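Worksheet: the structure to be examined is printed underneath.
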Amino acid sequence: MYKILDNTLIKEYIDETPEIRSLLLEPDESIDALEISEIGDGNLNFVYTIRSPRTSVILKQAVPYLRVVGESYPLSRIRMAFEIGALEAEKAICPDFVPDIYYSSLDMSLVVMQNLSEHTILRGEMIRRVPFPLLAEHISTFLADTLFYTSDFYLDPATKKENVKKFINIELCKITEDFIFTHPYEDNETNDYNPKLDMRHVRKFREDALVKSAVLEMKYKFMTEAQALLHGDLHSGSIMLNQEETYVIDPEFAFYGPMGFDVGIYLANLIMAYFSLDGEDDSYGHYVAGQISDTWNLFARKFKANMIEHEKKIHSLQFDYPDGMQHFGFFVDRFIDRLFTDTVGFAACEMFRRTVGLAKVADVAGIEDLEKRARIEGRILEAASEMITTKETLGSIEDVLALVKTKSRN
């Protein structure tokens, strides 16, 4: 029977659950040997660190409301089923980039997983200007493999359709539809503004027909294109890493959607980190710019390699002729071009949302000088407007990066 856990009840639950108890304690050890502390930075769920003389783990439990707001914002606990399912699927595909799952319970809406105590959140490290040379290599692999191996390009049609049904994540998709694709473009009470931000910047994109129609096109893609299993919230706060390892966490927003959404959300967060440097042309600025270009270029190359390798393996009759593989490569290139256009559009929507919507990024929102922050936010809105209205003509990530660099200095 479901109950909301606290420090005391967690100990009782562990004592009653052999799978967890044996992981943490010797048979003769008391649960009093456990040290439990809440990690209070989650928006949706309660997260606890549990330490024993032997090891430590993370316990994450969904409650029937939005944790950051409270009981006044009801939210179904079924979101934990999507997170567990996504973690399991991603772990099967990318074992090096997903934490180990030790135990899960749908009845209790909880998961016990690897404690990444030797790793830190990417966003905080970027604010501290710490470079990670393997980051683009790791994240591009995670994206290329999770998006390919959960798509129609790899799965048989029946399995793919069953997976789509399994991941119909209605409530959390509605949050995305509202907070990324709707509220920032209207005078909505949930929006949050820097008091020093010139509202002419906001009105400019809200009252631009090309911007509004392009945003609605991206929203329609998000709602209708079930291309692959998405993480659904892949920003720099959803990545824990050190100099050797990278882990992607918190996929509670997982669902089947357009591939460019995951790629675009991640790149948007890198772009906003670049803007937060306020035009400084230093070594860290070069590093962040390199992360933006390398992540896309490596992703595109790896995704294409997955496609080509799989086609060679199945040797479909469609391309069973002398120039067949060359023609298949032409198809893949065209698909990746369209995926890039989607990526740019979704990145722009994330940039709008993170600037005027409810959820900010600390890279920018943490700037104490509000005038400086407002200047940077204006540049981000200008860049997002141009990105989303010219996405069809931006032919490469280098074009996007040139636009970003130009806007960051204006």
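The values are calculated or read from the model by the stated rules, or taken from the named source; none is laboratory data. Keep in mind that what you see is a predicted model, and the values were worked out from it rather than measured. Don't worry about glycine lacking a Cβ; one is built from the backbone with ideal geometry, like all the others, and counts go over all protein chains shown. Protein only, heavy atoms only, side chains kept; ligands, DNA and RNA dropped before computing areas. Shrake-Rupley method; radii C 1.70, N 1.55, O 1.52, S 1.80 Å.
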Probe 1.4 Å, all protein chains present, accessible-area order of 217, 252, 29, 171, largest first: 217, 171, 29, 252
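Using a 1.4 angstrom probe on the protein heavy atoms only, could you order 407, 160 from most to least accessible area? Please report the intermediate quantities before stating the final value.
Details: 407 35, 160 10 Å².
Output order, biggest surface exposure first: 407, 160.
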Cα gyration tensor of region 9-98, axes a ≥ b ≥ c as square roots of the eigenvalues: rounded (a/c below 1.5), prolate (a/b > b/c) or oblate? oblate
Using the crude model of +1 on Lys and Arg Cβ and -1 on Asp and Glu Cβ, and no other charge, please compute the dipole size for region 180-283 relative to its Cα centre, in debye to 20. 560
Taking alpha-carbon centroids only, region 279-337 lies from region 61-101 a number of Å equal to 30
Are any of the pairs 166/212; 196/360; 204/391; 221/360 more than 26 Å apart by Cα-Cα distance, and if so, which? 166/212
Kindly report, to the nearest 10 Å², the accessible surface of residue 220 as traced by a 1.4 Å probe over protein heavy atoms only. 150
Would you work out which of 52, 64, 104 lies farthest towards the positive end of the dipole of region 43-112, given +1 charges on the beta-carbon of Lys and Arg and -1 on that of Asp and Glu, about the Cα centre? 52
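Quick one: work out Rg over Rh on the C-alpha atoms of the chain, Rh as Kirkwood radius. Could the numbers behind the result be given before it?
Working: Rg = 22.0 Å, Rh = 22.5 Å.
That ratio equals 0.98.
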Packing-wise, with mean Cβ within 10 Å as the measure, how do 112-125, 354-367 rank, highest first? 354-367, 112-125
Summing Lys, Arg as +1 and Asp, Glu as -1, what charge do residues with Cβ under 15 Å from the Cβ of residue 33 carry, residue 33 excluded? -3
In terms of the ratio Rg/(2.2 N^0.38 Å) built on C-alpha atoms, what value belongs to region 257-410? 1.22
Rounded to the nearest 10 Å², what accessible area does residue 295 have for a 1.4 Å probe in the complete protein model? 0
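Can you give the accessible area per residue of region 370-410, in Å², using a 1.4 Å probe? Don't skip to the answer; put the middle values down first.
Details: 1690 Å² over 41 residues.
With all protein chains present, region 370-410 gives 41 Å² per residue.
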Just reorder 20, 36 by solvent-accessible area, largest first, 1.4 Å probe, all chains present. 36, 20
For all pairs of alpha-carbon atoms in region 75-157, what percent lies in each bin of width 10 Å, listed from the first bin to the last filled one? 15, 35, 36, 14, 1
Positive dipole terminus of region 130-206, leading residue within 184, 148, 164 (C-beta point charges): 184
Name the residue, out of 60, 212, 204, whose mean-square fluctuation peaks in a Gaussian network model built on the chain with Cα pairs under 10 Å. 204
Shape call for region 200-253 from the C-alpha gyration tensor, a ≥ b ≥ c root eigenvalues: rounded (a/c under 1.5), prolate (a/b greater than b/c) or oblate? oblate
Taking residue 302 as the anchor, which lysines have their alpha carbon closer than 16 Å to its alpha carbon, excluding any fewer than eight residues away along the same chain? 312
Any idea of residue 206's accessible area? Nearest 10 Å², probe 1.4 Å. 40
So which helices of the chain fit the span-like rule, where a helix is a whole DSSP H run, its Cα atoms reach 30 Å or more along the axis, and its mean Kyte-Doolittle is at least -1.0? 283-314, 324-356
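Send over a whole-number figure in Å² for the accessible area per residue of region 73-218, probe 1.4 Å. Can you show the working numbers first?
Values: 6940 Å² over 146 residues.
Accessible surface, normalised per residue, equals 48 Å².
Leaving out ligands, DNA and RNA, what percent of the accessible area of the chain is carbon and sulfur, probe 1.4 Å? Working shown, then result.
Details: 9400 of 18070 Å².
Answer for the chain: carbon and sulfur cover 52 percent of the accessible area.
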Quick one: putting +1 on the C-beta of Lys and Arg, -1 on the C-beta of Asp and Glu, what dipole do you get for the chain around its Cα centre, in Debye to the nearest 20? 1060
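Where does the charge balance sit around residue 84 when Lys and Arg score +1, Asp and Glu -1, over other residues with C-beta under 14 Å from its C-beta? Intermediate values should be presented prior to the final figure.
Numbers: positive: 60, 77, 79, 91, 166; negative: 83, 88, 90, 100, 107, 250, 252.
So the environment of residue 84 carries a net charge of -2.
Mind running the shape call on region 85-243? Use the C-alpha gyration tensor, a ≥ b ≥ c as the square roots of the eigenvalues: rounded below 1.5 for a/c, prolate if a/b tops b/c, oblate otherwise. Each step should come with its number before you reach the end.
On the way: a/c = 1.88, a/b = 1.31, b/c = 1.44.
Judged from the Cα gyration tensor, region 85-243 comes out oblate (a/c at least 1.5, b/c at or above a/b).
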Simple Cβ-charge dipole of region 338-410, Lys/Arg +1 and Asp/Glu -1, about Cα centre, in debye nearest 20: 80
